[in-house]
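Remarks on the structure that follows.
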Amino acid sequence: MTIYNFSAGPATLPKPVLEKAQAELLNYQDSGMSVLEMSHRSPEFDKIVKDAEATLRELMAIPDNYKVIFLQGGASTQFTMVPLNLAQGKKAYYLVGGSWGKKAYTEAIKLSKTIPFEPILLASSEETVYDHIPSFDPATIDPEAAYVHLTTNNTIEGTSIYDLPDTNGVPIVADMSSNILAARYNVEDFALIYAGAQKNIGPAGVVIVIIREDLITEDVLPGTPTMCQYKVHADAKSLYNTPPAYGIYICGKVFKWLKARGGLQAMKEYNEKKAKILYDFLDQSQLFKGTVEKKDRSLMNVPFVTGDADLDAEFVKAATAAGFVNLKGHRSVGGMRASIYNAMPIEGVEKLVAFMKDFEEAHK
């Protein structure tokens, strides 16, 4: 039985990438070593990390005045690193369109009790369980603020921002964890982008930071730990300490896989096609319903419900038995969620919809 993994993360990886990694597991390019046991100071790994960065730069058209840093700690560590490095006693606005945006704002509030900066809630859709991206008046933003933080794709709730909002000239910091490399954004529209790897980039354990060079400074907030300073990691070219070496190796292979597939424009079109299949079914179904406003729908994470918690549980159980795994919705919202990242083949979505049609017919 073919298994289709709809997990929100760690998520499915491209089969060709896994096969190549398998072939190289014991002996990477005749080095006599696995990447798992290779020194991060070795010439072999130096080439791995440099090639990974170069391919990512090509895919995202990252300008020369932006640094790419491979770090650890996941996107959640960036909730702290961003204000420590960028806030510098100023205001920082947070657009909260989902649970992860709220966590970023909550961490900023905690940090503001011990260091000088002012986190401000710009807008939130929490009252409606984050079923849409909240709007705001750009004029309410102080043009001297350090940044506006937003999340481009809300993994749990299934909403996305593809057209960036007007922020009154204030730089945008984006958590792009769950739709990076699935659509093309103009990197120059952001001051900083960060993304945990375990959705569209590679395995868990890596976080990528893309930051404009003028924001990399020693003038960080007082007491900022060495490991939390972007300048330290940028100057060391991601090798200040032992990095998540094997994770970076897999990321590099995913980048090459994406390039071979036609790059980000091709992936955007492919993802739109996949998502349309599922959303079209949900829009006409008499049993299943999507849970977010159509204008803000994510191409990556599609939450849906039957309206009956017991029936939701029955569906998840039946789907799992049929090979459609990890469809249970996040514990905070319930229901179901199909995460259809870059590596999910279109036939996986087609077969899921066919299964949903059969389930609906059986439960009229």
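Before moving on, here are some points about what is shown:
- Under the condition of being assigned to a strand (DSSP E or B) and either among the basic types (Lys, Arg) or in contact with a Ser or Thr (Cβ under 8 Å, 6 or more places away or on another chain) (or both), the residues counted in region 290-300 number 1.
- Within region 143-161, the set of residues being of a type outside the set (D, E, K, R) and open to solvent by 20 Å² or more (accessible area, probe 1.4 Å) comprises 143 only.
- Selected residue [more than 21 Å from residue 173 (Cβ to Cβ) and either surrounded by 23 or more Cβ atoms within 10 Å (Cβ to Cβ) or aliphatic (A, V, I, L, M) (or both)] from 208, 216, 201, 250: 250
- Against the numbered list (1) touching a residue at least 12 places away in the same chain (Cβ under 8 Å); (2) more than 30 Å from residue 55 (Cα to Cα), residue 128 comes up short only at (1).
- Highlighted here would be strands (runs of 3 or more DSSP E) found entirely within region 53-161 that include at least 2 residues which are over 26 Å from residue 219 (Cα atoms), touching a helix residue (DSSP H, G or I) at 6+ places or on another chain (Cβ under 6 Å) and at pLDDT below 95, but there are none.
- Pick from region 1-25, criterion touching a Ser or Thr at 6+ places or on another chain (Cβ under 9 Å) and assigned to a loop (DSSP other than H, G, I, E, B), ranking: farthest from residue 335 (Cα to Cα): 25
- Condition met for residue 259 (surrounded by fewer than 19 Cβ atoms within 10 Å (Cβ to Cβ) and more than 20 Å from residue 342 (Cα to Cα)): no
- Residues satisfying the stated conditions in region 335-364, i.e. open to solvent by 30 Å² or more (accessible area, probe 1.4 Å) and assigned to a loop (DSSP other than H, G, I, E, B): 345, 363, 364
- Test: residue in region 296-319 that is under 22 Å from residue 127 (Cα atoms), surrounded by 17 or more Cβ atoms within 10 Å (Cβ to Cβ), in contact (Cβ under 8 Å) with a residue 24 or more places away in the chain and among the charged types (D, E, K, R): yes
- Residue in region 287-294 that is more than 28 Å from residue 29 (Cα to Cα), among the β-branched types (Val, Ile, Thr), open to solvent by 10 Å² or more (accessible area, probe 1.4 Å) and modelled with pLDDT under 95 present: yes
- Considering the conditions (1) in contact with a helix residue (DSSP H, G or I) (Cβ under 7 Å, 6 or more places away or on another chain); (2) open to solvent by 30 Å² or more (accessible area, probe 1.4 Å); (3) within 30 Å of residue 294 (Cβ to Cβ), residue 195 is excluded by exactly one of them, (2).
- Any hit, region 229-238, residues being without any contact (Cβ under 8 Å) to a residue 60 or more places away in the chain, open to solvent by 30 Å² or more (accessible area, probe 1.4 Å) and of a type in the set (S, T, N, Q): no
- Of note, residue 140 does not satisfy the criterion of being among the polar types (S, T, N, Q), open to solvent by 80 Å² or more (accessible area, probe 1.4 Å) and farther than 21 Å from residue 170 by Cα.
- Selection of region 32-52 for residues being touching a residue at least 12 places away in the same chain (Cβ under 8 Å), surrounded by 15 or more Cβ atoms within 10 Å (Cβ to Cβ) and not charged (D, E, K, R) yields 35, 38, 40, 45, 48, 49, 52.
- Selection from region 82-129 of residues that are among the hydrophobic types (A, V, I, L, M, F, W, C), within 20 Å of residue 155 (Cβ to Cβ) and open to solvent by less than 70 Å² (accessible area, probe 1.4 Å): 82, 95, 96, 104, 108, 123
- Residue 254 being within 29 Å of residue 158 (Cα to Cα) and touching a helix residue (DSSP H, G or I) at 6+ places or on another chain (Cβ under 6 Å): yes
- Evaluation of residue 26 against the conditions (1) closer than 23 Å to residue 148 by Cα; (2) surrounded by fewer than 16 Cβ atoms within 10 Å (Cβ to Cβ); (3) without any contact (Cβ under 8 Å) to a residue 40 or more places away in the chain shows that the sole unmet condition is (1).
- Taking the numbered list (1) out of contact with any strand residue (DSSP E or B) (no Cβ under 8 Å at 6 or more places or on another chain); (2) under 22 Å from residue 153 (Cβ atoms) in turn, residue 237 passes all entries but (2).
The values are calculated or read from the model by the stated rules, or taken from the named source; none is laboratory data. Here the structure is a predicted model, which means the values were calculated and not measured. All Cβ positions, glycine included, derive from the backbone under ideal geometry; neighbour counts span all protein chains shown. Areas reflect the complete protein model, heavy atoms only, side chains present, ligands, DNA and RNA absent. Shrake-Rupley method; radii C 1.70, N 1.55, O 1.52, S 1.80 Å.
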